[in-house]
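The structure appears below as structure tokens.
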Amino acid sequence: MILMEHIIREGHPTLRTRAEEVTFPLSAEDRKLADDMLQYLINSQNPEIAEKYNLRGGIGLAANQVNSLKRMFALHLEDENGELISFVAVNPKIVSHSVEQTYITSGEGCLSVDRAIPGYVYRYARITVKFMTVDGEEKKMRLSGLPAIAFQHELDHLNGVMFYDRIDEKDPFVQLENSIPFG
Ligand SMILES: Cc1nc(NNC(=O)[C@H](CC2CCCC2)CN(O)CO)c(F)c(N2CCN3CCOC[C@@H]3C2)n1
Ligand code: NI
């Protein structure tokens, strides 16, 4: 199982390296990595397991964070309608997006960042995404709200981008026009 000790922290070069496309069919190793990443999120959201293994809560986890340069990440969260969104996205892409942006009013954090960094992280409010499932099926879906934010946070990791790269240094809480707050 993935533990906090397996999650690399800022300063590790893999967090700043672009991950490579995954080839299909997935190797047994890649399939296990995908399953383990999703399981980490499920475990981290279970109070007993999270406490027992000292896991930081997560709704997303990218392969870079467990020192793997494969273009895949896991998401496990509820959307605004209480629907469970739980999947591993392989070779994910944003195919279109809204002009409008959004941001989490309390800012973002990251399992690979052991410090709080204040500021608004602006992201597209609505996105249409495409990705492959671990079974090799192509999925296309529209996301908004926290799922959209999380998808973009994870896709950034696959491109070596950290959330704080998107915080305005001069004015971390700058209010961009055409943006709607989340939370
Ligand atoms: C917003 C939030 N971020 C949590 N952590 N950070 C993460 O997931 C990082 C990724 C998120 C940061 C902003 C968008 C994506 C991890 N990142 O580094 C991966 O790249 C949470 F844990 C969390 N929730 C709310 C829902 N709750 C349900 C019950 O269980 C606890 C859970 C806690 N919401
Ligand atoms: Ni992160």
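Less than 24 Å apart at the alpha-carbon level, and either on another chain or at least 8 residues along: which lysines does that give for Lys32?
Hits, sequence-local ones excluded: Lys52, Lys70, Lys93, Lys130, Lys139, Lys140.
Determine the calculated [θ] at 222 nm for the chain from helices alone, applying -39500 (n - 2.57) to every DSSP H run no shorter than 4 residues and normalising by the residue count; nearest 500 deg cm²/dmol. List each step's numbers first, then the result.
Working: 3 runs with 38 residues, N = 183.
Dividing the helical sum by the residues of the chain leaves -6500 deg cm²/dmol.
Which order, highest average first, do 143-150, 101-108, 19-26 follow once you tally other Cβ atoms within 10 Å for each residue and take the mean per peptide?
Details: 143-150: 21.4, 101-108: 17.9, 19-26: 15.0.
Top of the packing list down: 143-150, 101-108, 19-26.
Within the P(r) computed for the stretch 144-183, what percentage of the Cα pairs occupies the region above 11 Å?
Values: 551 of 780 pairs.
More than 11 Å apart: 71 percent of the Cα pairs in the stretch 144-183.
Please compute the per residue accessible area over the chain with all protein chains in place, 1.4 Å probe, rounded to a whole number of Å². Can you show the working numbers first?
Working: 9460 Å² over 183 residues.
Accessible surface, normalised per residue, equals 52 Å².
How much length is gained on full extension from Gln45 to Arg126, taking 0.36 nm per residue of separation minus their Cα-Cα distance? All intermediate terms of the calculation are to be shown ahead of the outcome.
Numbers: separation 81, 0.36 × 81 = 29.16 nm, distance 2.53 nm.
Length difference between fully extended and current span is 26.6 nm.
Assign unit charges at the C-beta atoms only (+1 for Lys and Arg, -1 for Asp and Glu), then state the dipole size of the stretch 1-120 relative to its Cα centre in Debye, rounded to the nearest 20. Don't jump to the answer; show the numbers that get you there.
Numbers: 11 positive and 17 negative charges, 94 e Å.
The dipole of the stretch 1-120 has a size of about 460 debye.
Considering only protein heavy atoms and a probe of 1.4 Å, how much of the accessible area of the stretch 94-183 is carbon and sulfur, as a whole percent?
Carbon and sulfur together cover 50 percent of it.
With Cβ to Cβ distances under 10 Å as the rule, what net charge do the other residues near Ser179 carry (K, R +1; D, E -1)? Write down the numbers at each step before the final one.
Numbers: positive: Arg123; negative: Glu100, Glu177.
So the environment of Ser179 carries a net charge of -1.
Taking a label point 7 Å from the Cα of Asn54 along the Cα→Cβ vector, which residues of the stretch 4-27 have an amide N closer than 12 Å to it?
Under 12 Å, as judged by backbone N against the label point of Asn54, lie 4-6 of the stretch 4-27.
What percent does the relative contact order of the stretch 35-137 come to when contacts are Cα pairs within less than 8 Å and at least six residues apart? Numbers along the way, then the final one.
Values: 163 pairs, mean separation 22.6, N = 103.
Answer for the stretch 35-137 is 22 percent.
If you take the charge dipole of the chain about its Cα centre, with +1 on Lys and Arg Cβ and -1 on Asp and Glu Cβ, which of Ile127, Phe24, Ser179 is farthest toward its positive end?
Phe24
Give the span of the chain's Cα atoms along each principal axis, as three whole-Å numbers ordered largest to smallest.
Taking max minus min along each principal axis of the Cα atoms, the chain gives 47, 35, 34 Å.
The values are calculated or read from the model by the stated rules, or taken from the named source; none is laboratory data. A quick note: this is a predicted structure, and the numbers were derived from the prediction, not measured. Here the Cβ is made from the backbone with ideal geometry for all residues, glycine too, and neighbour counts use every protein chain on show. Note: areas computed on protein heavy atoms with side chains; ligands, DNA, RNA excluded. Shrake-Rupley method; radii C 1.70, N 1.55, O 1.52, S 1.80 Å.
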